[in-house]
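Step one of this worksheet: look at the structure below.
Throughout, read-outs are computed from the coordinates displayed, never taken from laboratory work. Here the structure is a predicted model, which means the values were calculated and not measured. All Cβ positions, glycine included, derive from the backbone under ideal geometry; neighbour counts span all protein chains shown.
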Amino acid sequence: LALDSALRQAIEQDGLHVVYQPKVGAHGQLYGFEALVRWDSEAFGSVSPARFIPLAEENGLIGHLTWFVLRHACHQAATWRAQGHGHLRVAVNISPSLFREKDLAALVQSVLDAAGLPPENLELEITEGMLMGDVQRALAVLKELKAMGVFIAIDDFGTGYSSLAYLKRFPIDILKVDRSFVMECDLGNEAVAITRAIVSLAHSLNLRVVAEGVETASQLAVLNALGCEEFQGYLFAKPLPGPEAAAFLDAAP
Ligand code: G
Ligand code: G
Ligand code: MN
Ligand code: NA
């Protein structure tokens with residue numbers, strides 16, 4: 001069995017699962033979770049999404065895969081909501097090809113309806129690259145999603161080519177500072193200057209800032225001093241299976 005056929009099978013037969021990585025404030029308060037897909041294949045072992053997401057994009061499977069993750073994430077968020085955690089946002093990564101090809105707003109609306117989840121509990125993470133290319137289309141899709149009440153975050157920010165002028169045109173709520181800057185922000189090199197510039201740009205546009213890939217207390221101290229609102233990374237928790245995420249939730253202040 002080839003990897004792509006195995007992936008197709010896994011997607012069709014619920015062979016994937018979703019894990020949840022917390023996003024917290026400086027005092028440990030919980031804002032939400034990022035949903036990340038996982039695949040433990042019988043034939044190939046545990047395959048990284050860095051490998052199978054591009055494969056899904058090439059093979060026309062990304063729509064199905066994203067629908068799977070969205071359904072699981074929204075169902076999970078609806079469960080947490082019913083348990084009294086109505087303020088939590090669950091974030092789902094949206095691939096460029098899906099963003100270009102499918103009616104994303106309709107897909108998202110149908111999943112929200114089925115899960116009975118209010119739109120403000122859902123955040124979509126897109127990358128800077130999606131705002132390039134067909135700008136009019138990107139703008140139209142994002143406006144539609146915004147009008148529904150869903151939150152929009154720009155993932156891996158700082159690695160693409162967005163300019164300030166560009167960002168201002170799009171209805172965005174959140175910037176996620178790429179891990180490559182977070183990793184070096186306490187080393188006294190240019191990473192801290194870049195991170196400071198990103199935070200200041202974000203705040204001038206009234207966006208919240210999430211630092212991703214925070215691994216050490218020293219990074220956290222720098223990022224907190226720079227004004228980042230939310231933190232995500234191994235310092236707090238790895239991506240957790242649903243039940244462990246629930247335990248993390250119960251332990252949060
Ligand atoms: O979870 P991990 O760090 O292994 O993810 C590797 C890459 O795969 C990251 O770029 C992440 O954004 C991406 N990824 C993980 N889950 C999903 C998903 O559900 N959809 C999409 N499009 N990308 C994902
Ligand atoms: O591209 P995106 O930002 O969605 O990718 C998130 C990826 O980063 C996930 O695969 C997740 O497992 C990984 N990740 C999350 N926190 C950390 C961290 O603190 N350190 C490292 N090295 N990777 C992380
Ligand atoms: Mn992400
Ligand atoms: Na990222």
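Here are the numbers:
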read-out	value
Extended-chain gain in nm, criterion 0.36 nm per residue less alpha-carbon gap, residue 109 and residue 87	6.0 nm
Prolate/oblate/rounded call for segment 187-238, Cα gyration tensor, a/c under 1.5 rounded	oblate
Percent RCO, i.e. relative contact order, over the chain, from Cα pairs under 8 Å lying at least 6 residues apart	20
Radius 14 Å from Cβ of residue 214, net charge of other residues (Lys, Arg +1; Asp, Glu -1)	-4
Shape of segment 3-251, Cα gyration tensor, a/c cut at 1.5	rounded
Longest site-free stretch - the chain; sites: GluC sites (Glu not before Pro), DSSP loop, at most 14 other Cβ within 10 Å	43-214
Set 146/238; 143/176; 146/168; 168/238 screened for pairs whose C-alpha atoms are more than 25 Å apart	146/238; 168/238
